[in-house]
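Remarks on the structure that follows.
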């Protein structure tokens, strides 16, 4: 699957493994955020497992902000308000795994 540009190309989303590959339960995606880019502040009924591949990302939650760096991981609970921001000077990327019910 070709990468999908989001937010005017500030975010690139690529599905690495998903239903099209025969994965019955989960979808693994790779997000790349340009400097200053952020995902929307949002919530949904499924969890995320996130692994930071490159750069530094601020994870914004209702109870505050957490800076995570290359090699770190984050668990976002179901229905937890969250956002990922790249406040660094270089691109940052992270792998995000969700249940297939969350789409690709």
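Residues in segment 1-18 that are in contact with a helix residue (DSSP H, G or I) (Cβ under 9 Å, 6 or more places away or on another chain) and over 15 Å from residue 96 (Cα atoms): 1 only. Anything in segment 64-82 that is crowded, with 16+ Cβ neighbours inside 10 Å and either more than 14 Å from the chain's Cα centre (by Cα) or closer than 20 Å to residue 45 by Cα (or both)? List them, or say none. If the condition is that a residue be crowded, with 16+ Cβ neighbours inside 10 Å and either more than 14 Å from the chain's Cα centre (by Cα) or closer than 20 Å to residue 45 by Cα (or both), then 74, 76, 82 are the ones that fit.
Anything in segment 27-47 that is over 14 Å from the mean Cα position of the chain (by Cα) and surrounded by 11 or more Cβ atoms within 10 Å (Cβ to Cβ)? List them, or say none.
So the first thing to find is which residues in segment 27-47 are over 14 Å from the mean Cα position of the chain (by Cα), and the list is 35-36, 45.
If the condition is that a residue be over 14 Å from the mean Cα position of the chain (by Cα) and surrounded by 11 or more Cβ atoms within 10 Å (Cβ to Cβ), then 35, 36 are the ones that fit.
Sort out which residues of segment 83-104 are more than 18 Å from residue 16 (Cα to Cα) and under 13 Å from the mean Cα position of the chain (by Cα), and write them in order of number. Explain how you work it out, then say what you get.
Start the filter on segment 83-104 by keeping residues that are more than 18 Å from residue 16 (Cα to Cα), which leaves 83-91.
Within segment 83-104, 83, 84, 85, 86 meet the criteria.
Where a number appears in this text, it was derived from the coordinates with a stated rule and is not lab data. The structure displayed is predicted, hence computed values, not measured ones. A quick note on method: Cβ atoms are made from the backbone with ideal geometry, for glycine too, and the neighbour counts reach across all protein chains shown.
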